[in-house]
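**Q** Before anything else, here's the structure in question.
The values are calculated or read from the model by the stated rules, or taken from the named source; none is laboratory data. It should be emphasised that the depicted structure is a prediction, and the values quoted were computed from it without experimental measurement. Reconstructed Cβ throughout: ideal geometry from the backbone, glycine too, with neighbour counts over all protein chains shown.
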Amino acid sequence: MKTTNRFVRWLSAAFLVTSIGTVARDASADDFADYSTRPTFALKPPVTTTPGFGTLYGTFSSKTDVVVDGYTLKGRIFAVDGGTIWLQKNYGASVWVKIASSARHMDPSFARVTPDGKTFAIGTQSGSPIFIGATSLFSVKSPPELSTVTGVKSVIAQFYDGVWRDNRYLFINAGAANGSTVYAIDASLADPASAFIPILPDIPGASSGLAFDKSGNFITGNGYTYAGDVSRTGQLKIWSAADIAAALAGTPLSYLNSGHVLADSILSAAYLGVDANNNLYVGGGGRFDTGDVGYAGLVSGTVITRVLAGGAPVNKASSTEYTEIAPDPCRNDDTTQVTYVEELKMAIVTAKMTSKPPNCAEFDDYDDPTNTAVQLYFAPDAPDTDGDGIPDGADNAWLTPNPDQTDSDGDGFGDVADADFNNDDVVDDKDLSIFVDTYLATKTDPNFDARPDFDGNGKIDDADYAVFLKYWGKAAPFY
């Protein structure tokens, strides 16, 4: 059964695990550890009036073809807080639009989307249901109320984390009498709660994260040791896809007597996931046990291959097998959240900046709703569609080169592609009037308006008008 208080959620390191990932083209240290960021590659969480334990980030699958009110969901970030699901308005922007809400306070535990991008699952909070529904229900123009809208299944279940194995089975980790358990939900059933399938019923510790690698092998672990010392806090194990198929067919697995140890201890084995290169991210924090906090761990995919073949667990002293990402210079966050966006080859790593050098506190608390930084890290081969040196995931006009990323009105769309000057989401005669009022003006003129200066040359001229005509009659989003 799920432990209900926040203290134990801390112990097992919180409440998510989106599809997270890693990078490794080969085993060399340079290739493996070369995720990079810049100070400008950062996001601010949505401003909410219904805060929860924290803001949870997720991403829509790179395989989805769902479009919501003109917004393509593929590769886009979403955020869940106490009462709202938000969609990132544009890549690289800290501007969020509401796409759904819940009258039942969510305090979210996990938020996942199926591999085809068509179904979502949100673990709301202790004592509340898991919402399962179609992503096509989301709307910018008319956000649905998830607890009442037709088409959303409210599944009463115990849960901590959840991850989709495929487009049908949702795997859940939940607290149990002597530790924790993993079971599967068949989301295709009219009543998914009618037939839970036991997978790992005997984990000797608190719930941890869940992940499937690119070959369907299953990864989970021990979020907090309180059932003896047969398994350490932060231990990670992996089971083959064949073992998982057998468990789904009716043969549950034993945590201690099956699978392979992938890591002896990394944080609290939370926020698990892999990228396209099958490297593993690990988040969480061992504040109340190991004291291991303040970073996200990155395990090379070569280790996964070796362990499945019967080899040794990850050697954390080896730079070709393991590295750490720490956006907080104090490295004192009691929980670090990680989300990987495969479409953009981008890792989202949270940091709690409550204390800063040289006055670092012993710990910065995850459930403090203030001072949260969200830093973006990119693989060396992250897509940069417009070739302006800004990866798509940080680019506010990813189809139009704009290395300066100027956004004069702060609406999330770079000036170079934003002809919607009055921010009503359509380029029309009202915007034309604004353009005409500043036509031929320069920076020194009182009627100069930076918004129509698409090329940033300090003058509103015919070149800018040509760009304006390109967007005439079009509706948001603008890239």
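**Q** So is residue 188 buried (at least 24 other Cβ atoms within 10 Å of the Cβ) and more than 21 Å from residue 82 (Cα to Cα) or not? So that I can check it myself, show each step before the final result.
**A** Working: buried (at least 24 other Cβ atoms within 10 Å of the Cβ): no; more than 21 Å from residue 82 (Cα to Cα): yes.
For residue 188, the condition - buried (at least 24 other Cβ atoms within 10 Å of the Cβ) and more than 21 Å from residue 82 (Cα to Cα) - is not met.
**Q** It is to be established whether one or more residues within region 433-448 are under 39 Å from the mean Cα position of the chain (by Cα) and among the acidic types (Asp, Glu).
**A** Start the filter on region 433-448 by keeping residues that are under 39 Å from the mean Cα position of the chain (by Cα), which leaves 434-435.
Next, only the ones that are among the acidic types (Asp, Glu) stay: none.
No: zero hits.
**Q** Also, I was wondering about something else. Would you mind telling me which numbered condition in (1) buried (at least 24 other Cβ atoms within 10 Å of the Cβ); (2) on the phi > 0 side of the Ramachandran plot; (3) not β-branched (Val, Ile, Thr) residue 297 fails?
**A** Failed condition: (2).
**Q** Taking residue 392 as the residue in question, decide whether it is among the acidic types (Asp, Glu) and touching a Leu at 6+ places or on another chain (Cβ under 7 Å). Show your work before the answer.
**A** On the way: among the acidic types (Asp, Glu): yes; touching a Leu at 6+ places or on another chain (Cβ under 7 Å): yes.
Here the answer is yes, as residue 392 does meet what is asked.
**Q** Next question, about the same structure. Considering only residues that are charged (D, E, K, R) and touching a residue at least 40 places away in the same chain (Cβ under 8 Å), look in region 382-415 and name the one that is surrounded by the fewest Cβ atoms within 10 Å (Cβ to Cβ).
**A** Of all residues in region 382-415, those charged (D, E, K, R) come to 384, 386, 388, 392, 395, 404, 407, 409, 411, 415.
Narrowing further to those that are touching a residue at least 40 places away in the same chain (Cβ under 8 Å): 392, 395, 404, 407, 409, 411, 415.
Values: 392: 22, 395: 27, 404: 12, 407: 21, 409: 14, 411: 21, 415: 25.
Top of the filtered list is 404.
**Q** Further question on the same structure: Looking only at region 345-373, count how many residues are touching a Lys or Arg at 6+ places or on another chain (Cβ under 9 Å) and at pLDDT 90 or above.
**A** Residues meeting the conditions: 1.
**Q** Let me ask another. Only one of these is touching a Lys or Arg at 6+ places or on another chain (Cβ under 6 Å), assigned by TED's automatic domain parsing to the domain that holds residue 386 and surrounded by 20 or more Cβ atoms within 10 Å (Cβ to Cβ): 121, 79. Name it.
**A** On the way: 79 fails: touching a Lys or Arg at 6+ places or on another chain (Cβ under 6 Å).
Just a single option satisfies the conditions, and that option is 121.
**Q** Which of the strands (runs of 3 or more DSSP E) found entirely inside region 50-135 contain at least 3 residues meeting this: without any contact (Cβ under 8 Å) to a residue 40 or more places away in the chain? Before the answer, list the steps.
**A** Values: elements: 56-59, 77-80, 84-88, 96-101, 110-113, 119-123, 130-134.
Counting at least 3 such residues, we get 130-134.
**Q** Give the residue, chosen from 421, 435, that is of a type in the set (A, V, I, L, M, F, W, C) and in a loop (DSSP other than H, G, I, E, B). Quick ask: steps written out before the conclusion?
**A** Details: 435 fails: in a loop (DSSP other than H, G, I, E, B).
Residue meeting the stated conditions: 421.
**Q** OK, next. Quick check, is residue 63 modelled with pLDDT under 90 and assigned by TED's automatic domain parsing to the domain that holds residue 153? If you could, list the steps in order and put the result at the bottom.
**A** On the way: modelled with pLDDT under 90: yes; assigned by TED's automatic domain parsing to the domain that holds residue 153: yes.
Taking the combined requirement at face value, the residue satisfies it.
**Q** Would you be able to tell me the number of residues in region 192-206 that are at pLDDT 95 or above and not aliphatic (A, V, I, L, M)?
**A** Step one: filter region 192-206 for residues at pLDDT 95 or above, giving 192, 196-201.
Still in the list and also not aliphatic (A, V, I, L, M): 192, 196, 198, 201.
Residues that pass the stated criteria total 4.
**Q** Quick one: would you say residue 246 is in contact with a Gly (Cβ under 9 Å, 6 or more places away or on another chain) and small (Gly, Ala, Ser)? Give the steps one after another, and end with the answer.
**A** On the way: in contact with a Gly (Cβ under 9 Å, 6 or more places away or on another chain): no; small (Gly, Ala, Ser): yes.
Answer is no for this residue.
**Q** Examine region 255-278 for a residue that is part of a strand (DSSP E or B), in contact (Cβ under 8 Å) with a residue 40 or more places away in the chain and surrounded by fewer than 24 Cβ atoms within 10 Å (Cβ to Cβ), and state whether such a residue exists. Give the steps one after another, and end with the answer.
**A** To start, the set of residues in region 255-278 that are part of a strand (DSSP E or B) comprises 260-263, 270-274.
Those left that are additionally in contact (Cβ under 8 Å) with a residue 40 or more places away in the chain: 260-263, 270-274.
Restricting the remaining residues to those that are surrounded by fewer than 24 Cβ atoms within 10 Å (Cβ to Cβ) gives 260-261.
Yes, because at least one residue in region 255-278 is part of a strand (DSSP E or B), in contact (Cβ under 8 Å) with a residue 40 or more places away in the chain and surrounded by fewer than 24 Cβ atoms within 10 Å (Cβ to Cβ).
**Q** Looking at (1) within 20 Å of residue 89 (Cα to Cα); (2) surrounded by fewer than 20 Cβ atoms within 10 Å (Cβ to Cβ); (3) not assigned by TED's automatic domain parsing to the domain that holds residue 91, which is the only condition residue 466 fails?
**A** Unmet condition: (1).
**Q** Report whether or not residue 166 is closer than 23 Å to residue 259 by Cα and modelled with pLDDT under 95.
**A** Working: closer than 23 Å to residue 259 by Cα: yes; modelled with pLDDT under 95: no.
Criteria not met by residue 166.
**Q** Can you go through 76, 25 and tell me which one is touching a helix residue (DSSP H, G or I) at 6+ places or on another chain (Cβ under 9 Å) and at pLDDT 80 or above?
**A** Working: 25 fails: at pLDDT 80 or above.
Exactly one of 76, 25 is touching a helix residue (DSSP H, G or I) at 6+ places or on another chain (Cβ under 9 Å) and at pLDDT 80 or above, namely 76.
**Q** Select, from 425, 409, the only residue that is in contact with a strand residue (DSSP E or B) (Cβ under 7 Å, 6 or more places away or on another chain) and under 21 Å from residue 95 (Cβ atoms).
**A** Numbers: 409 fails: in contact with a strand residue (DSSP E or B) (Cβ under 7 Å, 6 or more places away or on another chain).
Criteria check complete, one pass: 425.
**Q** Which one of these is within 21 Å of residue 336 (Cα to Cα) and either surrounded by fewer than 21 Cβ atoms within 10 Å (Cβ to Cβ) or modelled with pLDDT of 80 or more (or both): 84, 3, 50?
**A** Working: 84 fails: within 21 Å of residue 336 (Cα to Cα); 50 fails: within 21 Å of residue 336 (Cα to Cα).
Testing whether each residue is within 21 Å of residue 336 (Cα to Cα) and either surrounded by fewer than 21 Cβ atoms within 10 Å (Cβ to Cβ) or modelled with pLDDT of 80 or more (or both) leaves just 3.
**Q** Report every pair of residues separated by at least 6 positions or lying on different chains whose Cβ atoms are under 9 Å apart, first residue within region 232-245 and in a helix (DSSP H, G or I), second acidic (Asp, Glu).
**A** Listed pairs, sorted by first residue: 241/213.
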